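All remarks here apply to the structure that follows.
The values are calculated or read from the model by the stated rules, or taken from the named source; none is laboratory data. If you're wondering where the values come from, they're calculated on a predicted model, not measured in any experiment. Every residue, glycine as well, gets a Cβ built from its backbone with ideal geometry; the counts of neighbours run over all protein chains shown.
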Amino acid sequence: MSENTQVQQPPLLAIKKFMSSEGVTAKFTELLGKKAPGFITSVLQLCNHSKMLANCEPQKIYQAAAMAAMLDLPLNPNLGFAYIIPYNEKYEDAQGRQLKRPVPQIQMGYKGIIQLCQRTGLFKTMNVTDVRDGEIKYHNRLTGDVEFNWNQDVKARNKLPIDNAISSSPVYAALLLWSMITTFPSMVRITRSILQWQGSGISTPLTVTYSSQYSSTPNISCISLS
């Protein structure tokens with residue numbers, strides 16, 4: 001073998017080496033203090049459990065992880081605060097061929113969004129629920145005002161099939177210093193978000209059951225409006 005020949009490291013080894021470098025560990029220590037070693041370990045565990053994530057560039061993984069660290073949100077999928085999700089990105093190589101490569105992005109979990117709201121001290125109440133067919137009494141498209149006619153018969157309401165009965169999923173948020181916020185994305189929008197997660201090739205809470213999937217997306221809509 002020639003002395004100039006470079007031996008390509010396995011993806012996981014390259015990521016581990018990069019995340020263990022002095023500069024990276026110093027940055028995470030600056031952001032997280034004593035929690036830094038455990039945070040770096042959780043990032044490596046994510047890469048170990050996802051082949052698609054392991055094939056991402058170490059620098060990109062670091063950038064996504066650093067964003068979660070700046071928000072002080074753990075990257076444990078079981079906790080649901082934040083995730084690193086690899087999405088396919090199209091690019092053109094030197095020969096002009098159209099190819100795809102995985103690029104990691106930080107994805108906020110609904111628990112992470114709630115956590116950030118609580119830290120502000122501005123939110124008095126936050127709640128998300130489903131809306132069944134016939135429960136939207138009035139909706140002003142211009143002002144966004146909504147009137148609901150809730151079905152109080154819980155047993156009868158729960159017998160309706162989830163995928164056919166839920167027309168939207170509203171979020172209610174009462175702020176201490178400002179007015180109330182109500183937003184309810186359609187099931188088309190929510191389903192689009194679910195399919196985007198599923199297309200990333202990584203298992204998330206949005207792939208468990210349809211009844212639990214709608215509860216995370218509306219929270220994101222609410223915060224974007226606030």
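At a glance:
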{"item": "Verdict on I114 being in contact (Cβ under 8 Å) with a residue 24 or more places away in the chain, touching a strand residue (DSSP E or B) at 6+ places or on another chain (Cβ under 7 Å) and within 30 Å of P10 (Cα to Cα)", "result": "no"}
{"item": "Boolean, K17 is under 30 Å from M126 (Cα atoms), among the basic types (K, R) and not assigned by TED's automatic domain parsing to the domain that holds M126", "result": "no"}
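Quick grid of which residues meet (1) assigned by TED's automatic domain parsing to the domain that holds S21; (2) at pLDDT below 95:
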{"residue": "I40", "(1), (2)": "yes, no"}
{"residue": "S50", "(1), (2)": "yes, yes"}
{"residue": "I61", "(1), (2)": "yes, no"}
{"residue": "K90", "(1), (2)": "yes, yes"}
{"residue": "G96", "(1), (2)": "yes, yes"}
{"residue": "K100", "(1), (2)": "yes, yes"}
{"residue": "V103", "(1), (2)": "yes, yes"}
{"residue": "R119", "(1), (2)": "no, yes"}
